[in-house]
Amino acid sequence: MFDCERILRQAVQRIEPTATQKAGASRSHNFLRDLLETGNMARVVSESYLSGSYARDTAVVPLDDVDIIFLVQPEHWQDGLASLFGTKPSPKAVLATFANAIRRRYDQSSVYIQRRSVRLSLNHLDIDAVPALRSTRDGDTILIGDVTTDSWIESAPKKHEAIASRLNASRGNNFKPLVKLLKGWNANLPSTANLKGFAIETMAARIFSTYSFTSLQEGLKDFFDFVCYLGGAGTIYTWNNGCGMSFGWLNRVVPDTAGTGSNLIANVEGVRITRLVEHAARSRNKIIEAENSSYQDTAERRLAEALRF
């Protein structure tokens with residue numbers, strides 16, 4: 001069997017953000033956080049921290065956005081009676097406050113309200129400022145406002161970060177590099193076949209919390225074969241645990257690993273899942289062809305085809 005590990009490690013290096021890109025993102029998000037600790041916003045924001053793939057170290061190029069959670073004091077938007085009864089402020093009002101505050105501090109940049117965040121567009125980076133309330137569930141669960149539904153939705157970015165770090169440590173520091181390869185693969189799929197990157201990462205976290213792997217080569221093959229199992233396609237291994245997930249036509253589920261109750265593929269149409277499974281089967285087979293290659297250049301071509309790089 002041809003050892004593909006060195007080739008895959010080189011592929012990870014090509015798709016992960018460079019030290020310069022990470023440093024630029026760090027300067028920009030820290031500058032915004034510092035600015036929002038001044039003026040009236042200093043009384044509104046109680047804490048801020050990073051969220052998303054950048055925070056979990058599972059981001060791939062291009063590193064073009066960073067998410068920041070800003071825990072806020074709800075009393076800023078409430079009168080005494082509302083505060084007494086625990087009524088939550090309007091998500092629209094909270095996001096409008098953040099948009100106005102950021103516009104005053106970045107008067108030459110584009111700032112606009114999104115469904116659950118305020119986006120600051122800089123020359124090299126988009127920063128999503130996400131106002132959030134503390135949840136009564138536990139210290140690591142928060143509530144994020146949704147202007148479309150006018151409601152507050154549970155999220156737990158600190159738990160996601162802890163899960164990724166725990167898995168990476170327990171899987172020989174292979175989990176995060178594997179996720180980067182899978183996200184790169186997913187991003188290069190046709191627009192009719194891919195999922196959101198966080199859904200792919202969540203699937204990997206669920207699979208490899210139950211099943212172990214010792215190399216990127218093994219992890220890729222396992223992931224693609226497991227996707228085939230979920231989709232009812234032919235597999236090369238025997239799987240008897242869906243890890244809480246389902247690709248059924250009437251039951252498409254990838255639950256949030258943080259236990260918030262969110263289903264990350266709730267609105268994904270069945271034909272997209274079918275195409276994802278088809279591509280996973282092709283990529284698994286290409287990895288097997290790479291393993292069976294006699295020459296390095298052949299193995300490299302098959303791996304590039306498998307990962308669509």
Computed over segment 166-300: relative contact order in percent, which uses C-alpha pairs under 8 Å that are six or more apart: 23
Added length on full extension, which subtracts the Cα-Cα distance from 0.36 nm per residue, Y112 to S26: 28.8 nm
Using a Förster distance of 45 Å, the FRET efficiency for R119-N240 (Cβ separation, nearest 0.05): 0.55
For segment 158-164, Karplus couplings with θ = phi - 60° (6.51, -1.76, 1.60), whole Hz, Gly/Pro x: 5, 5, 4, 5, 5, 5, 4
More than 25 angstrom apart: percent of Cα pairs within segment 180-309: 20
Segment 101-242 - convex hull of alpha carbons, volume per residue in Å³: 178
Debye log10 I(q)/I(0) at q = 0.14 Å⁻¹ for segment 69-150, Cα point scatterers: -0.50
Interchain or long-range residues, amide H under 5 Å from V66's placed H: D126, I127, D128
Descending principal axes extents, segment 223-291, alpha-carbon based, whole Å: 40, 23, 17
Calculated from backbone phi, Karplus (6.51, -1.76, 1.60) coupling profile of segment 217-233 in Hz, x at Gly/Pro: 4, 5, x, 4, 5, 5, 4, 4, 5, 5, 4, 4, 4, 4, x, x, 8
Within the chain, longest stretch free of exposed GluC sites (Glu not before Pro) [DSSP loop, at most 15 other beta carbons within 10 Å]: 38-268
Exposure of Y112 as accessible area (Å², to 10), given a probe of 1.4 Å and all protein chains: 90
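The values are calculated or read from the model by the stated rules, or taken from the named source; none is laboratory data. All figures in this text were calculated on a predicted structure; none of them were measured in a lab. Because the Cβ atoms are built from the backbone with ideal geometry, glycine has one as well, and the counts that use them run over all protein chains shown. These accessible areas exclude ligands, DNA and RNA; they are computed on the full protein's heavy atoms, side chains included. Shrake-Rupley method; radii C 1.70, N 1.55, O 1.52, S 1.80 Å.
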